Each structure stands twice: as structure tokens, then as C-alpha cells.
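Chemist: Below are the C-alpha cells for one structure; questions will follow.
The values are calculated or read from the model by the stated rules, or taken from the named source; none is laboratory data. In this text the structure is predicted, and so the values were computed from the model without any measurement. Note that we place each Cβ from the backbone using ideal geometry, even for glycine, and neighbour counts take in every protein chain shown. The accessibility values were calculated without ligands, DNA or RNA, using every heavy atom of the protein model including side chains. Shrake-Rupley method; radii C 1.70, N 1.55, O 1.52, S 1.80 Å.
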Amino acid sequence: MIQLKSESELERMRVAGRHVGDILVWLRGLVEPGITTAEIDRAAQRQIEQRKLESSFLGYGPRGAPPYPAVICTSVNEEIVHGIPGSRELKEGDVLKLDFGVIFEGFHGDSAVSIPVGAIDEKARGLLDATRRALYAGIEQMREGNRLGDVSSAIQCVAEGEGYSVVRDFVGHGIGRSLHEPPQVPNFGPPGRGPRLRVGMVLALEPMVNLGEAGVEILEDGWTATTIDDKLSSHFEHTVAITSHGPEILTRVSGSH
Ligand code: MF3
Ligand code: CO
């Protein structure tokens, strides 16, 4: 059920992950008040072309949704995930979530980061910091012999321990030749349950954490997920391999989250 990657497959996933990390760092440098989310998408598209990669997201469309129309997801403030790039201009104090994936030689990499636009308030900073720490707490559990529930539980403990709520309608996932492979990786649940983790598994962990309630609403575009109370949401994601010497973060590069 859960695909184990060979060393040569993992080598290709490392390259895919490095491209994703490098491009996200590059895009992050473009984020400032006045830029539109469509401009960021076009910059991402140029990077994909220059590096001879393919987009993981463009044209993606399960569960009856219209095919995803961009190479990047740009979700602002109360938008949780899957925001579609457009003419919206970012402004000082916004929080932009960039979610990005590419295919290299048949293998996907997937990563997301929450980026402050200029100065953001203290409440927002606290949420972003806790979400990132929740992601790393999950990564730390990605060791042979642990169970998937140990990962989920570690993420939940950090996020809820800080007084935030964890989104339940979207989950992390296995990743490889497909963007989404088994298993689903919830950001909540009891430890000690679920499949055993093995060397060669590659998972995309992606906690989505809200300042207010956990509930989700989907906008009329069929994609954009927002919080039901319109309060701020935060999202961080890495693609991570389980190796014999512990977790290896494939989408982490110098300067990334
Ligand atoms: N990181 C998100 C996920 O794994 C990105 C999906 S965007 C989509 O679900 F366009 F592909 F839907
Ligand atoms: Co993902």
C-alpha cells in the first residue's frame, strides 16, 4: 500500500525537492506590498520552464473540482489553502501562504510556507511560529519503527498546546510518482496507531493551523478554502523521506523554512 522508494528513486526525489525549495526561496524574495498573486505565479512558471521541470499542480483536479489553473497556490490571511493566483495586490500586514510542487524525472516534490508581507502583528507571528514548530515536531517522529499516529499526534500537540486549532478537512500525504499517494497524514490523532514507518517512505507533512475555529469553507471558485470565522490561518509543508539515519527533509534548502 505505502510505496517504498529505492535509493535511485529517492535520488530523483531529492532533485525535485531541491528545485521546489530553491524556487520557494526565490519567490519569497518577491513578496512585498503591491505585488499581485498572479505575478508570483508567473515568476514560478518561468522558473519551471528554465529548469525544464513540470508543474505538479497545473491541471490537477480530483473530487469534481475544476482543473487547478496555476502552478502555485496563493492563499491570503483567512484563506487556508488552494487560493488561486489573481489580480489581488498584497498589502502590508497580510500573511501569504505559497504552496508549490514540481515534477523532476517523474517524481514530485511539494512544499508550502507562510510569508509575512512587511510587518505583521504579534498574534499572526505567534501562529506562524507555532505552525512551523508543529511541522518540525511531526518530522522529528518520522523514524523507522514509529507509527504514523506518532507523527499526527506530535503535530496536534504543538498546535493545540499553543491554543490554536488544527484543520481537519485537509491532510498531508504520501508522495512520489503521484502528488498524492497513500497514506493520508492527518494533523491530529492518537499516538501509537496506524501503519509502522519504514525506511523508503516519503511523506508530505502539511499542518494547517487556525487562530480561531478549525472549520473550513470552500469558495465559489471550487478551490479556495477559507476559515469559517474569517480568522487567520497558517500552513507549512515539507516533503520528507525516512532514511536509516532519520528524517531527511527533501524540500529544505539554505534560507527556507
Ligand atoms: N500541497 C497541496 C496538496 O498537497 C497542494 C495541492 S494544490 C493542487 O494537496 F493544485 F494540486 F490541488
Ligand atoms: Co501537499
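Chemist: For the chain, with only Lys/Arg (+1) and Asp/Glu (-1) charged at the beta-carbon, what is the dipole magnitude about the Cα centre, in debye rounded to 20?
Modeler: 860
Chemist: So how far apart, in nm, are the two label points at GLN184 and GLU144 if each is 7 Å from Cα heading toward Cβ?
Modeler: Result: 3.0 nm between the two label points.
Chemist: How high is the relative contact order of the chain? Use alpha-carbon pairs under 8 Å, at least six apart in sequence, and give a whole percent.
Modeler: Averaging sequence separation for qualifying contacts and normalising by length gives 24 percent for the chain.
Chemist: Also, quick follow-up: So for the pair LYS231, GLU32, with labels modelled 7 Å out along Cα→Cβ, what separation do we get in nm?
Modeler: 3.3
Chemist: In a Debye calculation with equal point scatterers on the alpha-carbon sites of the chain and no solvent, what is log10 I(q)/I(0) at q = 0.10, 0.15 Å⁻¹?
Modeler: Debye curve over Cα of the chain, log10 I(q)/I(0) at q = 0.10, 0.15 Å⁻¹: -0.43, -1.04.
Chemist: In the neighborhood of ILE139, defined by Cβ-to-Cβ distances under 12 Å, what is the net charge if each Lys or Arg adds +1 and each Asp or Glu adds -1?
Modeler: Combined, the nearby Lys, Arg, Asp and Glu give -1.
Chemist: Assuming 0.692 mPa s and 37 °C, estimate D for the stretch 68-186 with Stokes-Einstein, Rh taken as the Kirkwood radius over Cα pairs, in µm²/s.
Modeler: 208
Chemist: How many Å² of accessible area per residue for the chain, probe 1.4 Å?
Modeler: Spelled out: the 1.4 Å probe surface of the chain, per residue, equals 42 Å².
Chemist: If you roll a 1.4 Å probe over the chain with all protein chains in place, what percent of the accessible area is carbon or sulfur?
Modeler: 48
Chemist: So for the pair CYS157, GLU105, with labels modelled 7 Å out along Cα→Cβ, what separation do we get in nm?
Modeler: Output for this residue pair reads 3.8 nm.
Chemist: GNM on the chain, C-alpha springs below 10 Å: top fluctuator among VAL81, VAL199, VAL95?
Modeler: VAL199
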